[in-house]
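Please find one structure pasted underneath; my questions will follow.
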2 protein chains.
Amino acid sequence: MTTDPARPVRRLPRAERRAQILEAATRAFARAGYTATGLGDVAAEAGVTQVLLYRHFASKSDLYRAVLDRACTRLAEAVGTDHFDDTSLPTLLRAAAADPEGFRLLFRHAAKEPEFRDVIEGLRAGSTEVTRRHLAERVPGGPWQDWAARLVPVVTLEAVIAWLDAGQPDPDRAAERIRQVVHSVIEAASRPG
Amino acid sequence: MTTDPARPVRRLPRAERRAQILEAATRAFARAGYTATGLGDVAAEAGVTQVLLYRHFASKSDLYRAVLDRACTRLAEAVGTDHFDDTSLPTLLRAAAADPEGFRLLFRHAAKEPEFRDVIEGLRAGSTEVTRRHLAERVPGGPWQDWAARLVPVVTLEAVIAWLDAGQPDPDRAAERIRQVVHSVIEAASRPG
DNA sequence: ACCGTTGTTTAAGTCGAATTATACAAGATG
DNA sequence: CATCTTGTATAATTCGACTTAAACAACGGT
């Protein structure tokens, strides 16, 4: 029950400590989501006292928002928000590989916490809009367009996460294969009865 | 701030009340998961007092387990657990349509609550096993087999959920289209570099 | 009419997690 | 050295949510 005998007490300049806490909190929250993760878990993950968290963030929900903002920002900077072309999928894979925990956090957990849905709304709306534009060319309006519009982003994200879980083999090939799967969703939705 | 003036107090035989609470709890928990949903939410959804919940279930976690068991049982009875053939997809769609909230609860929320992972483990293990069997015929072992094995069940479930969200159009066509998408995942994984 | 069952209402007890307060230790730096 | 900053340790406080207790109301069958 003894703590490590002589821990030198890691001191960091304020900004770096803040960044380190954000990374640790991302990992911690990515495991079980907001409500199920205590500040104790976050503090332990950061190797730091609970009290110190309050020297950097006003509250648990403040900290969580900062984590989500960081993940959003990194993703947006990498992928961009306006267009969708041949480079988008490879870029998305690179971004996911650069920040796997943030990626999982955003798309597996944050989407559900009702209190923070607004943070995700931008991403979700953007991808849905882009998807609609792509679909409109080939899929007539109606329930099957709805089906495809809902499924394409989810399938893309799940394919990326599965790729992360599988060890991130061969990014270029991954992009091409995910494209094929997405294409088959559109194909399936556009095929007449 | 007055409650509805003359509520007749709905009385039900014990078994029916229990069933009704289970239905209501399924809806409530399906919205935000276990930890984020309070017994107050469940009681409100059931149109019943919080205290009454304890006359039917020993605790919140007991209630949740009962909800998960019910959803699992209904699904297993409908789909079966041992084989996978041409009838599985249509059957899965029928089962999902018969219990949409239970379906969403099992596959969107319960998979993450660490305390209840064991309930899902059977389903997850079964579907993964079946998926592996299908994949082994065409996809060589390695990271891409892993990728496909992880992706196929998720894509199937997400496709079903998207179909629920889109208004459950034309179940037979839906089964055929989901089959195409799943096939394209296997195709993508098995294609050589 | 009696009594068990199904409910409600209200209040109290319990418990864990968030938050705040205080005192102390030690590196950095002018 | 004096002092500011970073950090710890410990404890108190708050607060919400689960849980239990107690007393009362009405329906329904025998």
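None of the figures in this text is laboratory data; all of them are computed from the coordinates on show. Quick caveat, the model's predicted, so the values are computed rather than measured. All Cβ positions, glycine included, derive from the backbone under ideal geometry; neighbour counts span all protein chains shown.
Net charge within 9 Å of A:H56 by Cβ-Cβ distance, Lys/Arg positive one each and Asp/Glu negative one each, not counting A:H56 itself?
Every neighbour counted, the sum reads +4.
Let me ask something else about it. Go ahead and estimate [θ] at 222 nm for chain B from helices alone: -39,500 (n - 2.57) per DSSP H run with n ≥ 4, summed, over the residue count, rounded to 500.
-22500 deg cm²/dmol
Relative to the longest principal axis of chain A, what angle (0 to 90°, nearest 10) does the C-alpha long axis of helix A:117-136 take?
It is inclined by approximately 20 degrees.
Stokes-Einstein diffusion coefficient for segment B:2-72 at 4 °C in a medium of 1.567 mPa s, Rh from the Kirkwood formula over Cα pairs: what value in µm²/s? If you can, show how the numbers build up before the last one.
Working: Rh = 12.6 Å.
In µm²/s, the coefficient is 103.
Over segment B:45-193, what is the relative contact order in whole percent, taking alpha-carbon pairs under 8 Å and six or more residues apart?
Relative contact order, segment B:45-193: 25 percent.
For segment A:14-190, what value does the Rg/Rh ratio take when both radii are computed over Cα atoms and Rh is the Kirkwood radius, given to two decimals?
Looking at segment A:14-190, the ratio lands at 1.02.
Take every Cα-Cα distance within the protein assembly as shown, group them into 10 Å bins from 0 onward, and report for each bin the whole-number percent of pairs it holds.
Once binned at 10 Å, the Cα pair distances of the protein assembly as shown give 4, 20, 28, 26, 15, 6, 1, 0.
Compute the distance from the alpha-carbon center of segment A:43-90 to that of segment B:96-173, in whole Å.
Segment A:43-90 and segment B:96-173 have Cα centres separated by 29 Å.
At B:R117, label 7 Å along Cα→Cβ: distances to the other copies, nm, ascending?
In nanometres, ordered from closest: 2.8.
Pairing the Cα long axis of helix B:88-98 with the longest principal axis of chain B, what angle in degrees results, from 0 to 90 and rounded to the nearest 10?
Value to nearest ten degrees: 20.
What are the label-to-label distances in nm, one decimal and shortest first, from A:H134 to the same spot in the other copies, with labels 7 Å along Cα to Cβ?
The answer, with the shortest distance listed first, is 2.2 nm.
Taking just the alpha-carbon atoms of segment A:94-193, what radius of gyration and Dmax come out, in angstrom?
14.6, 42
Further question on the same structure: Net charge near B:E16: determine it from the other residues with C-beta under 11 Å of the C-beta of B:E16, scoring Lys and Arg +1 and Asp and Glu -1. Before the final figure, lay out the partial values.
Numbers: positive: B:R10, B:R11, B:R14, B:R17, B:R18; negative: B:E23.
Around B:E16, the surrounding residues sum to +4.
Using Stokes-Einstein with the Kirkwood hydrodynamic radius over Cα pairs, what translational diffusion coefficient do you get for segment B:56-106 at 4 °C and a viscosity of 1.567 mPa s, in µm²/s rounded to a whole number?
In µm²/s, the coefficient rounds to 110.
Summing Lys, Arg as +1 and Asp, Glu as -1, what charge do residues with Cβ under 12 Å from the Cβ of B:A66 carry, B:A66 excluded?
With Lys, Arg at +1 and Asp, Glu at -1, the net is +1.
A follow-up question, please. Normalising by the residue count of segment A:89-162, find the relative contact order in percent from Cα pairs under 8 Å and 6+ residues apart.
Computed over segment A:89-162, the figure is 30 percent.
What is the mean number of Cβ atoms from other protein chains located within 10 Å of the Cβ atom of each residue in peptide B:106-112, rounded to a whole number?
2
Sorted from shortest, what are the nm distances separating the label point of A:A97 from equivalent points in the other copies, each placed 7 Å from Cα along Cα to C-beta?
Its label point is 4.3 nm from the equivalent points in the other copies.
Counting only other chains, what is the mean number of Cβ atoms within 10 angstrom of the Cβ of each residue in peptide A:164-172?
Shielding by partners across A:164-172 averages 4.
Take peptide A:136-143, look around each residue's Cβ out to 10 angstrom, count Cβ atoms belonging to other protein chains, and average those counts.
Other-chain Cβ atoms within 10 Å of each residue's Cβ, averaged: 1.
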